[in-house]
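Asks: Below you'll find the structure I mean.
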Amino acid sequence: MNLPSPAEESDEGEEEVDYRFTLANERTFLAWMRTSLGLLAGGVAVQTLVQPFGMSGVRRALALSCILLAVTIAVGAYGRWRRIGAVMRRGGPLPETIMVPILSAGIALVSVLACIAVLLR
């Protein structure tokens, strides 16, 4: 069974990307979207199901942090998916991503807020 070559030239000077790389890019996008949906669900659950904490506004800050991080990741995932697809077609090196540090810092912030909320309960 012959697999298609990783790249073939098209008329616009861009390369036709091996479908395996395109599907891998799509799977990565979908993983970012699952993370975003989990954060969104967590934010809604905190606001809806968690009893108010002793300190005013902690529950809302925790919920909004999750929801804003979810929006940031969803928008960033789409931009990254498009950028990676374009770079693969041009045959260039893959760009770095800012999304990993954003997600790490965001989850750290949410964790600190949750810790404060539990300690002050």
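Asks: Quick check: pseudo-label points 7 Å beyond the Cα along Cα→Cβ at M33 and I116, how many nm apart are they?
Replies: In this crude spin-label approximation the distance works out to 3.4 nm.
Asks: Let me ask you something else. In degrees, nearest 10, range 0 to 90: what is the angle between the Cα axis of helix 99-119 and the longest Cα principal axis of the chain?
Replies: 10
Asks: Follow-up. I'm spelling it out carefully: the read-out is Rg/Rh (Cα atoms, Kirkwood Rh), the candidates are (i) 1.05; (ii) 1.00; (iii) 1.19, and one was derived from this structure. Which label?
Replies: Among (i) 1.05; (ii) 1.00; (iii) 1.19, the one calculated here is (iii).
Asks: While we're on this one: Please give, to one decimal in nm, the separation of the simple spin-label points placed at I102 and R83, each 7 Å out from Cα toward the Cβ.
Replies: 0.9
Asks: Let me ask you something else. How big is the Kirkwood radius of the stretch 19-90, worked out from every pair of different alpha carbons and given in Å to one decimal?
Replies: Numbers: mean 1/r = 0.0735 Å⁻¹.
Its Kirkwood hydrodynamic radius stands at 13.6 Å.
Asks: Quick one: what are the phi-derived ³J(HN,Hα) couplings along the stretch 51-61, Karplus 6.51/-1.76/1.60 with θ = phi - 60°, whole Hz, x for glycine and proline?
Replies: 5, x, 7, x, 8, 5, x, 5, 4, 5, 5
Asks: Say a site is exposed when it is one of the GluC sites (Glu not before Pro), sits in a DSSP loop, and has at most 14 other Cβ atoms within 10 Å; what is then the longest site-free stretch of the chain?
Replies: Working: sites that count: E12, E14, E96.
For GluC sites (Glu not before Pro) (loop position, at most 14 other Cβ atoms within 10 Å), the longest site-free span of the chain is 15-95.
Asks: Any chance you could run the full-extension gain for L109 through T48? It's 0.36 nm times the residue separation minus the Cα-Cα distance, nm to one decimal. Walk me through the intermediate numbers first.
Replies: Details: separation 61, 0.36 × 61 = 21.96 nm, distance 2.01 nm.
Contour length minus Cα-Cα distance gives 19.9 nm.
Coordinate-derived values only; no laboratory data. On a predicted model such as this, the values are computed, not experimentally measured, just so you know. When we count neighbours, we look across all protein chains shown, and the Cβ atoms used for this are built from the backbone with ideal geometry, even at glycine.
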